[in-house]
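Q: This is the structure I want to talk about, given as structure tokens.
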Amino acid sequence: MNLNFEILQFFVYKRIIKKKDFNNILAEAERLKMPVERYLLAQNICNEITALDALGEFFEMPYVQMDMLEVDKELLSRFDLTFLRTKKIVPVTIDINGTLIVACARPFDLSSISVLSTVYQGNIEYILVPPTQIDVFIDGELAIRSTTVALKNINESNDAQIIKRGMSNGEAKIESNEDVINAPTVRLVDSIIKEAIPFRASDIHIEPFETYVTVRYRIDGRLSERARFNIDSFPAIAARVKIMAGINIAERRIPQDGRINLTINGTDYDFRVSTLPTVYGEKFVIRILDKSAFNLSRTELGFTQAANKIVDKMIARPHGIIVMSGPTGCGKTTTLYALLREINKPDINIVTVEDPVEYTMPGINQVNVNTKANMTFATALRSIMRQDPDVIMIGEVRDEETAQIAIRAAITGHLVFSTIHTNDAPGVLTRLTDMGVSNYFVADALIGVISQRLVKRLCPVCKHKAKTTPLEMKMLKLDEPVTICRPKGCQFCNGTGYRGRIAVHEIMYLNEKIREALATDISAEQLRELVRENGMRSMWENCRDYVLRGITSVHELMALYME
């Protein structure tokens, strides 16, 4: 039996490949001595999930995502992780019948099956999962084990003394970079950073206190403590982070900023490092920027079909200003990048001014703000106006001068994108007028406002359905009970009941009626009532839809409502 031939025939049946390409693909796979599915992936003829879904059906094996499996960590600890990564297998659990359940990417790899058979004498059943997901899972476990070992070494060793030699006036001195690089602390810092990736952390906090140092991860908007160790190790930790980020090691009296670029599990990450002098030493906050996250589509960002129609009208306008509003960390920049990527064409000159540039985009001219060199938003914008731009993106409108230049650019034939910190979409109009921009110019220049917040997604594994209580019916403004989902907590979501976040939007598009009203002295409350009458759905209404669809919880809706 020619397994490649049989699998390829099945792929034709599943319409993954065309029948006319059958012979060429089979010949090339045989020539390269590769399994056909690996050849198809290498040639980008199909993706990993499509291939394994078909293979699962072909081998009559269940096919799942790795994240959906609850792996028995005690069982996993009996195996060498490097071996498991090489063989693309993960022992999941032993069921009540004594059968070992194994996640695998290559069910026809006889060497892996034979090795497991010698280790475990009972029955073995296999579940198909994508190989890259096994790699990510194993790398995450390796990082966790590495951090645990590094913490143990820190507690057992005196490597902090390397930094503390020659203490003068209570300040640590570094004798040489060689000492720091070779210290066990290096392994600890590297592990802390790499471990944050499988935890899906957005920020890492390293905080010194009187007798100890804590490491906390912000996951889905919530801080959770990961590790705690003795304060004696902190000078070495601080030195290592500063070396990685290119920050002045000797300076401890003022805040500093730096960046770290790393490739982890084949994905490029940008780590923005910020230091802040505190009573017990410098606190470090490391913002994690996954560069692939900036390639999300509007649908992946949470825009509904109705919202997309309004946004399409906004970005189709040749000139004017589109404003994103919301608090820090709500994904405003990610959404702006998604819109810029849509309109980025060879015949359009796009220039951005940001503080700092978070993600470089091909074909777009991006400028970093540098206050030390007097390169502010306002000064950069004046220069950009002489660069023949079609589209301008301003990272943030912070002051009257920047607001005036942005509005002037929008009026004089440029499409401008920017962000402002306000509670809702109508609040942007009030903020601009407070900055000294007249109502008339705002009405003339503003195309629309997209206000955005992030709410937690319910864990897809453990969320459970239930009828609404009388209190929930009142909160959701319902006349009769409906079925909604509530958080529970499991291994998949670290017991929180939530996994990941989704954006909820409030989009205000300025029609002629709203523009006419803006030109008058309309109050903020009157404006809010007017935009609602003209079809704007509030953020609360859109989040309520998420609750009724089982995407988020009533608790998240109320948290949004209370802001």
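The values are calculated or read from the model by the stated rules, or taken from the named source; none is laboratory data. The model shown is predicted, which means the values in this text are computed figures rather than measured ones. Note that each Cβ is placed from the backbone with ideal geometry, even for glycine, and that neighbours are counted across all protein chains shown. What goes into the accessible areas is simple: the full protein's heavy atoms, side chains included, and nothing from ligands, DNA or RNA. Shrake-Rupley method; radii C 1.70, N 1.55, O 1.52, S 1.80 Å.
Q: Tell me, what ³J(HN,Hα) does each residue in region 203-220 have, in order and in whole Hz, if you take phi through Karplus 6.51 cos²θ - 1.76 cosθ + 1.60 with θ = phi - 60° and put x for Gly and Pro?
A: These are the phi-based 3J(HN,Hα) values: 9, 10, 10, 10, 10, x, 10, 4, 10, 8, 10, 10, 10, 10, 10, 9, 10, 6 Hz.
Q: Next question. Might you tell me the accessible area per residue for the chain, computed with a 1.4 Å probe and given in Å²? All intermediate terms of the calculation are to be shown ahead of the outcome.
A: Working: 27900 Å² over 563 residues.
Spelled out: the 1.4 Å probe surface of the chain, per residue, equals 50 Å².
Q: Within 13 Å, Cβ to Cβ, of L518, how many net charges do the neighbouring residues add up to if Lys/Arg are +1 and Asp/Glu are -1? Kindly include the intermediate steps, with their values, before the conclusion.
A: On the way: positive: K513, R515, R528; negative: D444, E512, E516, D521.
My count for the surroundings of L518 gives -1.
Q: Given contacts defined as C-alpha pairs under 8 Å and at least six residues apart, what's the relative contact order of the chain, whole-number percent? Spell out each step's value before the answer.
A: Details: 923 pairs, mean separation 47.1, N = 563.
Reported relative contact order: 8 percent.
Q: A further question follows. With a 1.4 Å probe and every protein chain left in place, tell me how much accessible area D388 has, in Å² to the nearest 10.
A: Its accessible surface works out to 120 Å², give or take rounding.
Q: Please list, ordered by chain and number, the residues whose modelled amide H lies under 5 Å from the amide H of R259; skip anything fewer than 5 residues away on the same chain.
A: Here V273 satisfy the definition.
Q: Compute, for I94, the solvent-accessible surface of its heavy atoms (probe 1.4 Å) with the complete set of protein chains present, and express it in square angstrom to the nearest 10.
A: Probe radius 1.4 Å; accessible area of I94 about 70 Å².
Q: On to the next question. Can you pull out the trypsin sites (Lys or Arg not before Pro) in region 478-551 that DSSP calls coil and that have at most 12 other Cβ atoms within 10 Å? Numbers along the way, then the final one.
A: Working: sites: K488, R499, R501, K513, R515, R528, R532, R537, R544, R549; in loops: K488, R537, R549.
Listed in order of number, the matching sites are R549.
Q: Using alpha carbons only, how many degrees (0 to 90, rounded to 10) separate the axis of helix 332-343 from the longest principal axis of the chain?
A: 90
Q: Note down the accessible area of M361, probe 1.4 Å, to the nearest 10 Å².
A: We get 10 Å² for M361.
Q: How about region 246-284: which trypsin sites (Lys or Arg not before Pro) there are in a DSSP loop, with at most 14 other Cβ atoms within 10 Å of their Cβ? Write down the numbers at each step before the final one.
A: On the way: sites: R252, R253, R259, R272, K283; in loops: R252, R253.
Those satisfying the criteria are R253.
Q: Give the shape of region 1-78 as rounded, prolate or oblate, defined through the alpha-carbon gyration tensor: a ≥ b ≥ c are the square roots of its eigenvalues, a/c under 1.5 means rounded, and otherwise the shape is prolate if a/b is larger than b/c and oblate if not.
A: Details: a/c = 2.45, a/b = 2.07, b/c = 1.18.
Note, shape of region 1-78 comes out prolate.
Q: What number comes out for the charge environment of T93, summing +1 per Lys or Arg and -1 per Asp or Glu over other residues with Cβ under 11 Å away? Numbers along the way, then the final one.
A: Details: positive: K73; negative: E70, D72, E74, D95, E125.
For residues surrounding T93, the net value is -4.
Q: If you don't mind, there's one more thing I want to ask. Express the carbon and sulfur contribution to the solvent-accessible surface of region 1-72 as a percent, rounded to the nearest whole number, probe 1.4 angstrom. Walk me through the intermediate numbers first.
A: Numbers: 2200 of 4600 Å².
Here it works out to 48 percent.
Q: What net charge do the residues around N534 carry, taking every other residue with its C-beta under 14 Å from that of N534, with Lys and Arg at +1 and Asp and Glu at -1?
A: My count for the surroundings of N534 gives +1.
Q: Which of the GluC sites (Glu not before Pro) across region 207-293 are loop residues per DSSP, with 15 or fewer other Cβ within 10 Å?
A: Details: sites: E210, E225, E251, E282; in loops: E210, E251.
The qualifying sites are E210, E251.
Q: If you find the alpha carbon centre of region 425-465 and of region 532-563, how far apart are they in angstrom?
A: Computed from Cα coordinates, the inter-centre distance equals 14 Å.
Q: Here's another thing I want to ask about it. Let me check I have the definition right: for the chain, take the eigenvalues of the Cα gyration tensor, multiply each by 5, take square roots. What are those semi-axes in whole Å, largest first? Each step should come with its number before you reach the end.
A: On the way: eigenvalues 385, 245, 133 Å².
Whole-Å semi-axes of the equivalent ellipsoid: 44, 35, 26.
Q: Which three lengths, in whole Å and largest first, does region 440-518 cover when its Cα atoms are put on their principal axes?
A: Extents along the principal axes, in whole Å: 54, 32, 14.
Q: Which order do you get for D312, D424 if you rank them by accessible area with a 1.4 Å probe, largest at the top? Write out the running numbers ahead of the final one.
A: Values: D312 75, D424 30 Å².
Ranking D312, D424 by accessible area, largest first, yields D312, D424.
Q: Give me the angle, in degrees from 0 to 90, between the Cα long axis of helix 305-315 and the longest principal axis of the Cα atoms of the chain, rounded to the nearest 10.
A: 50
Q: Sticking with this structure for a sec: I'd like the distance separating the alpha-carbon centroids of region 306-337 and region 255-304, in whole Å.
A: Their Cα centres are 22 Å away from one another.
Q: Return one number: the angle in degrees, 0 to 90 and rounded to the nearest 10, between the long axis of the Cα atoms of helix 22-31 and the longest principal axis of the Cα atoms of the chain.
A: Orientation of helix 22-31: about 60 degrees from the principal axis.
Q: Shifting gears a bit: Using the 4.7 Å Cβ rule, please list in number order the cysteines from the chain without any candidate partner.
A: C46, C104, C330, C485, C543
Q: Any of K332/K513; K73/K242; K291/K513; K14/K456; K19/K313 with alpha carbons more than 32 Å apart? Name them for me. Please report the intermediate quantities before stating the final value.
A: Details: K332/K513 28 Å; K73/K242 34 Å; K291/K513 41 Å; K14/K456 36 Å; K19/K313 42 Å.
Checking Cα-Cα distances, K73/K242; K291/K513; K14/K456; K19/K313 exceed 32 Å.
Q: Under the Kirkwood approximation for Rh and a Cα-based Rg, what ratio Rg/Rh is obtained for region 349-494? The partial results should precede the final answer.
A: Values: Rg = 21.9 Å, Rh = 18.7 Å.
My calculation of the ratio gives 1.17.
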